[in-house]
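Undergrad: Take this structure first; my questions come after.
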Amino acid sequence: MILDSKSPIGPLAEKWTKHKFNSKLVNPANKRKYEVIVVGTGLAGASAAASLAELGYKVKAFCFQDSPRRAHSIAAQGGINAAKNYQNDGDSVYRLFYDTIKGGDYRSRESNVYRLAEVSVNIIDQCVAQGVPFAREYGGLLANRSFGGAQVSRTFYARGQTGQQLLLGAYSALSRQVANGKVKLYPRTEMMDVVTIDGHARGIVTRNLITGKIETHAAHAVLLCTGGYGNVFFLSTNAMGSNVTAAWRAHKKGAYFANPCYTQIHPTCIPVSGDHQSKLTLMSESLRNDGRVWVPKTVELAQKLRKGEIKPRDIKDEDRDYYLERKYPSFGNLVPRDVASRNAKDVCDEGRGVNETGQAVFLDFRDAINRDSEDAIRARYGNLFDMYQQITGENPYQTPMKIYPAVHYTMGGLWVDYNLSTTVPGLYSLGEANFSDHGANRLGASALMQGLADGYFVVPYTIGDYLAQIGPAPVDTNHPEFAKAEKGVKDAIQKLLSINGTKTVDHFHKALGHIMWEYCGMARNAEGLTKAKGMIQELRKEFWRDVKVLGANEELNQTLEKASRVADFLELGELMVDDALNRSESCGGHFRLESQTPDGEALRDDENFAYAAAWEFMAENSPETLHKEPLVFENVKLTQRSYK
Amino acid sequence: MSWVTKTLSSTIGRKLIMALTGLFLILFLTGHVAGNLQLLKSDGGEAFNIYAKFMTTNPAVKLLSYLTYISIIGHVIFSIWLSKTNRAARPVGYGVSTPPSTTISSRNMGILGTIILIFIVVHMQSFWYQMHWGDIPFVTYDGVEYKDLYSIVVFAFQNVWMVIGYVVAMAFLAFHLSHGFASAFQTLGLNHAKYSPAIALIGKIYCIVVPILFASMPVYIYFTQS
Amino acid sequence: MKLTLKIWRQKNASDKGAFVTYPIDGISTDMSFLEMMDVLNEELAIKGEDPVHFDHDCREGICGMCSLYINGHPHGPQQTTTCQLHMRSFSDGETITIEPWRAAAFPVVKDLVVDRGSFDRIIQAGGYVNVNTGGVPDANEIPIPKRVADEAFDSATCIGCGACVAACKNASAMLFTSAKISQLAMLPQGQVERMSRAEKMVAQMDDEGFGACTNTGACEAECPKGISLTNIARMNREYFSASVKSENV
Ligand SMILES: Cc1cc2nc3c(=O)[nH]c(=O)nc-3n(C[C@H](O)[C@H](O)[C@H](O)COP(=O)(O)OP(=O)(O)OC[C@H]3O[C@@H](n4cnc5c(N)ncnc54)[C@H](O)[C@@H]3O)c2cc1C
Ligand code: HEM
Ligand code: SF4
Ligand code: FES
């Protein structure tokens, strides 16, 4: 089946305006008769819930943390892009659009990306009005920095805590609607399933994480804003609770899952230090503005370093390989994430990695400190340096930081059309949970932009069109589909609790993570992927035979929560591998060893793969069906990305 | 509830009362200590007795003294109210609590205050009550009759326990004020990068100097008048 | 490292709860405190015992989900979050006592997990600027002196963890509440509702059953984000002036 993106026809710059005009509106008096469920209170969810409530809809908002303010958006450090051109350096909506399409290696949908660039300017206005304390110049106006390889300064930031400040802004808007009685909050509540009636999403099944109570909620539409699934790798920069469960259960209810193999591996994370490690910590990419990436020129020197026989500062400049500067003279240390990550892996694979495990490269501030003074560097990155020191016990002012790539973001997600509707009518997906705007690689500072664009400025319009069509007749949970879905959830939980095997949930999660990282990580090939598929299937069987989940449902049971999430990861993992196998080209973060240019860059195959791969769930343990959404580029010319 | 009672019964409002009454008591103590310095004059108590009469008869001073009574009572009542709220805010305590980086005084204002209260009661009964309603001998200076409170004081401080009691009580007062002085300004919202260090310094000086002056009187009398 | 852990175990809100002692071995100094707890929980799970429940999510010191009162200090001996605390802050053979936050307004849910919904309700009482999505002025039409923006930022960095309440002998939430009141009182965007915000948030804070402030400074000393006591002074000023000036009789 060819998927219809519902992108409006007409000139790029007019699509959104025209589309808004052509969308049906809900009569203001009727709005309060509509109920909308928003799952997730991150940037996407909180902004959507608040905006919909402001419009007059009755909203229920769910999150698994104890407070909406703790969604993982809080952890974003670097910044948020917007085409404000406050710096007079040549930025424009079109340039942001163009950079995003190119950065995504031409695997995203033009119309969505253009709209994203268009509304980006409104986001900044909105956040400032809420009291978000963005960085400012002495004159009192907003400051910008250049970020993630962009050649203009369009990134707005709030020290190294941009995500926190943006989320607290959205959370405050949400709190205001809770106080107004327009939003009812359900913290510590996990969505376990979507309920569909006659093909339309009509509600959800939830588990109260404190009491274990399984409940159903009915609504006219359901929005999934549940974040990314990077934790399928076990180790990632995501929060411990980040999961695919909501998206995956929706997938099993008919929502297609697009481009699952597109994973972003972020180049600047603190390297793994041992088996005990539970998560990886990102060091903001902004560090690459001043830090220089290097490894020793020779394997011998690297070995001496690893054994502690020499110190990094003992290595003379001529013995250092600033490999990014060497290979990409014009972008240098600021090449896009996928390129920086892959190069780090390559030098480590050559044996030139620098910590005990050999899986790290240096990010060195020596020259920046000599140039600008230690105080200047402290003012720019103080909190990041402190965090680094806190975790590693090393002082980055004196010795270079060690970094290594880690899983960070998932570009794939639920397939959505221009309206952010999944293939199930009435079921929407926003933020990282959908697949929409970043193609095969996300540029820095774009995810925050997308989450807030979706929630504040897109879905409030597009959902009206759907709601106006279905009418405000009440939906309630008495329909047999609700009972059926509820029973399904209860049975699945009982099944997990009854296995009483010998291995812990974490054991399986770690094993899955190893497989994914090894075979579906920074470099992939057909052989490895095929092997991984078998391994995942085996692991999944073993999980359902031998996992140990203690306790009961009717209590706070963190093991049970984890088990149910890992069960979904075990299914998702296989789909990611299938997708990676299917896409035998390289593009952005998806690097197939079989498809590279002579000098080792990702080689796209536009002839055969200029499409979004949307997978349809068929039945448990059986292959999924691939649907293609052709990606049509009417405005940009597809070229080989080059950062030389 | 009117806005006044609402404000003053909030946790912040109650602290406002504590701070204002506390600061007034500090003012009072300043005057009190200055006056009592007359005790140290070796004039057989003349200056002191004249001062004592002035204090009990002058209408302006009378007004101030009523304010002082109200302050003490208000300070005590509100401290009890606050302490109850504070205790209720943590019904189950911790198993381990290593002393945090805060001062002992700040953590024990209630205990310090209670001891001061006991002292105040004893003190008022010994002198204030005596002065007003007690059976006090008279002396005459320049033809005017004065109650000879001085002799009562000297008599009282012949008792070594009384002296020790006073000194100890003043130590507690010192600790109470070592936190209370600066704290009152913080409560009033007067926290400023420029001035707070000065307030803290004055507080530290005050809480040492004033109690020492107070304590020096019974000690001086004990050693000089026996 | 070899350690002895004394951990508060409590099945649910109505259970009485008690300390249980667990010996643990093979802990590396590079582990974070929560990774050490993971190791314990893996061991318990294998033995078939209920793992120790504790809150955590980002493990980066920013979400404010982790808690734990460790050896008499919220978030342990360092001025950081529990998830950013590393085992190199402890010595071999040490006994570590781990308790939940204790406050009437933070009831224990299970083991070391408490309910901090009261913080959300304080924010709901007024910790926002009343603007709807859309229709706001251009961002640069609201110039804000850098110094003011920076100071507001300092207040805005509160992560809502509740360590201030846990540390305070009165279980007072003044530091948390004042951080939000301060942020918005300093910024031009917050001026319109400045008075009602202070009144409502303080009233909600009192209703939740938090204690008053004795100005001991324990909150500031333990706050992982270094939120300063000047915020409390500012809140008091805001509150007094709102009480006197506002029209709410
Ligand atoms: C360390 C880090 C740094 C980053 N830095 C940047 C940056 O500088 N710039 C940038 O643009 N992007 C950055 N990103 C990416 C960006 O932060 C995220 O992509 C974005 O915030 C995702 O927002 P979201 O609203 O989609 O999801 P999230 O914020 O992850 O929210 C997910 C929500 O869904 C809820 N949820 C999930 N599953 C369920 C369920 N089953 N039931 C109920 N609720 C559920 C959660 O409780 C949560 O409220 C960073 C990401 C990380 C990890
Ligand atoms: C002359 C005597 C006294 C003086 C000068 C004095 C002064 C002060 C001052 C300045 C404060 C600080 C107020 C603030 O933090 O805003 C204070 C606090 C306090 N005082 Fe007193 N006080 C005196 C007597 C007492 C007595 C008799 C009690 C009795 C019980 C008492 C109990 C307290 C308590 C409990 C506090 C702390 C309140 C809190 O912050 O929770 N004080 N005092
Ligand atoms: S003020 Fe500090 S201790 Fe209190 S909640 Fe905020 S960050 Fe935590
Ligand atoms: S787990 Fe997020 S702050 Fe500690």
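Undergrad: Rounded, prolate or oblate for the range C:117-245? Axes are the square roots of the Cα gyration tensor eigenvalues, ordered a ≥ b ≥ c, and the cut-off for rounded is a/c under 1.5.
TA: Prolate.
Undergrad: Suppose every K and R has +1 on its Cβ and every D and E has -1 on its Cβ; what is the size of the dipole of the range C:117-245 about the Cα centre, in Debye to the nearest 20?
TA: 200 debye
Undergrad: If you count, for every residue in A:187-197, the Cβ atoms of partner chains within 10 Å of its Cβ, what is the mean?
TA: 1
Undergrad: Is chain A best put as rounded, prolate or oblate by its Cα gyration tensor, with a ≥ b ≥ c the root eigenvalues, rounded for a/c under 1.5, and otherwise prolate when a/b is larger than b/c, oblate when not?
TA: Prolate, because a/c is 1.5 or more and a/b exceeds b/c.
Undergrad: Can you give me the relative contact order of chain C as a percent, contacts being Cα pairs under 8 Å and 6 or more apart?
TA: Averaging sequence separation for qualifying contacts and normalising by length gives 19 percent for chain C.
Undergrad: In percent, how large is the relative contact order of chain A, given Cα pairs closer than 8 Å and 6 or more residues apart?
TA: Computed value for chain A: 21 percent relative contact order.
Undergrad: Show me, for the range C:206-217, the HN-Hα J-couplings you get by feeding each phi into the Karplus relation (A = 6.51, B = -1.76, C = 1.60, θ = phi - 60°), rounded to Hz, glycine and proline as x.
TA: Result, rounded to whole Hz: 5, 4, 6, x, 6, x, 8, 9, 9, 6, 6, x.
Undergrad: Taking the range A:120-170, which chymotrypsin sites (Phe, Trp or Tyr not before Pro) meet the DSSP loop condition and have no more than 13 other C-beta atoms within 10 Å?
TA: Passing sites in the range A:120-170 are A:Tyr138.
Undergrad: Treating the beta-carbon of each Lys and Arg as +1 and of each Asp and Glu as -1, no other charges, what is the dipole magnitude of the protein assembly as shown about its Cα centre, to the nearest 20 debye?
TA: Approximately 1820 debye in magnitude.
Undergrad: Residue by residue through the range A:18-34, which ³J(HN,Hα) values in whole Hz follow from phi under the Karplus form 6.51 cos²θ - 1.76 cosθ + 1.60 (θ = phi - 60°), with glycine and proline marked x?
TA: 5, 5, 4, 5, 7, 6, 6, 10, 8, 4, x, 5, 8, 4, 6, 7, 9
Undergrad: Take the cross-link list A:Lys316/A:Lys402; A:Lys213/A:Lys279; A:Lys15/A:Lys637; A:Lys6/A:Lys253; A:Lys316/A:Lys345 and give me the ones stretching past 26 Å between alpha-carbons.
TA: Listed pairs above 26 Å: A:Lys213/A:Lys279.
Undergrad: Run through the range A:583-633 and list the GluC sites (Glu not before Pro) located in a DSSP loop whose Cβ has at most 13 other Cβ atoms within 10 Å.
TA: A:Glu594, A:Glu620
Undergrad: Return the long-range amide H neighbours of A:Leu223 (sequence gap of 5 or more, or a different chain), with a cut-off of under 5 Å between placed amide H atoms.
TA: Counting only residues 5 or more places away or on other chains, the set is A:Ile37, A:Val38, A:Val39, A:Tyr428.
Undergrad: Work out, in µm²/s and without decimals, the Stokes-Einstein translational diffusion coefficient of the protein assembly as shown at 20 °C, 1.002 mPa s, Rh from Kirkwood over C-alpha pairs.
TA: 67 µm²/s
Undergrad: Ordering C:Val249, A:Val475 from largest to smallest accessible area (1.4 angstrom probe), what's the sequence?
TA: Result, largest first: C:Val249, A:Val475.
Undergrad: Counting only pairs 8 or more residues apart or on different chains, how many lysine pairs in chain C have their Cα atoms under 17 Å apart?
TA: Count of close lysine pairs: 7.
Undergrad: With a 1.4 Å probe and all protein chains in place, put C:Trp8, A:Trp544 in order of accessible area, largest first.
TA: Solvent-accessible surface, decreasing: A:Trp544, C:Trp8.
Undergrad: Also: Can you work out ³J(HN,Hα) from phi for every residue in the range A:565-581, in order, using Karplus 6.51 cos²θ - 1.76 cosθ + 1.60 and θ = phi - 60°, giving whole Hz and x for Gly and Pro?
TA: 6, 5, 4, 6, 4, 5, 7, 4, x, 5, 5, 4, 5, 4, 5, 5, 5
Undergrad: On to the next question. Let me know the mean shielding of A:178-186 by other chains, meaning the per-residue number of their Cβ atoms within 10 Å of its Cβ.
TA: Average per residue, whole number: 2.
Undergrad: Any idea which of A:Gly382, A:Gly358, A:Ile536 is furthest toward the positive side of the dipole for chain A, if Lys and Arg beta-carbons carry +1 and Asp and Glu beta-carbons -1?
TA: Sorting the options by dipole projection puts first A:Gly382.
Undergrad: In deg cm²/dmol, rounded to 500, what helix-only [θ] at 222 nm does the protein assembly as shown give when every DSSP H run of at least 4 residues adds -39500 (n - 2.57) and the total is split over its residues?
TA: So the calculated ellipticity at 222 nm is -14000 deg cm²/dmol.
Undergrad: Please report, in debye to the nearest 20, how large the charge dipole of the range A:407-496 is about its Cα centre when each Lys and Arg carries +1 at its beta carbon and each Asp and Glu carries -1 there.
TA: Here the size comes out at about 300 debye.
Undergrad: Could you tell me which residue out of B:Leu25, C:Cys213, A:Gln596 lies farthest along the dipole of the protein assembly as shown toward its positive end? Charges go on the beta carbon: Lys and Arg +1, Asp and Glu -1, centred on the Cα centre.
TA: B:Leu25
Undergrad: Got the relative contact order for chain B handy, in percent, Cα pairs under 8 Å and 6 or more residues apart?
TA: This gives 28 percent for chain B.
Undergrad: Could you rank C:Asp120, B:Asp135, A:Asp372, A:Asp491 by how accessible they are, 1.4 Å probe, largest area first?
TA: Result, largest first: B:Asp135, A:Asp491, A:Asp372, C:Asp120.
Undergrad: To continue, here is another question. Counting only other chains, and only Cβ atoms inside 10 Å, what mean value do you get across the residues of C:218-227?
TA: 2
Undergrad: Computed on protein heavy atoms with a 1.4 Å probe, what is the summed buried accessible area for the chain pair C and A, in Å² to the nearest 100?
TA: Summing both sides, the interface buries roughly 6100 Å².
Undergrad: Measuring from centroid to centroid over Cα atoms, what is the spacing of the range A:628-644 and the range A:190-226 in Å?
TA: So the two Cα centres are separated by 38 Å.
Undergrad: Residue farthest toward the positive end of the dipole of the protein assembly as shown, with Cβ of Lys/Arg at +1 and Asp/Glu at -1: which of B:Phe181, C:Ile232, A:Ile403?
TA: Projecting each Cα onto the dipole axis, the largest value belongs to B:Phe181.
The values are calculated or read from the model by the stated rules, or taken from the named source; none is laboratory data. As the structure is a prediction and not an experimental result, all values here were calculated from the model. Cβ sites come from the backbone with ideal geometry, for glycine too, and all protein chains shown count toward neighbours. Note: accessible area is taken over every heavy atom of the protein model, side chains too, but ligands, DNA and RNA are not part of it. Shrake-Rupley method; radii C 1.70, N 1.55, O 1.52, S 1.80 Å.
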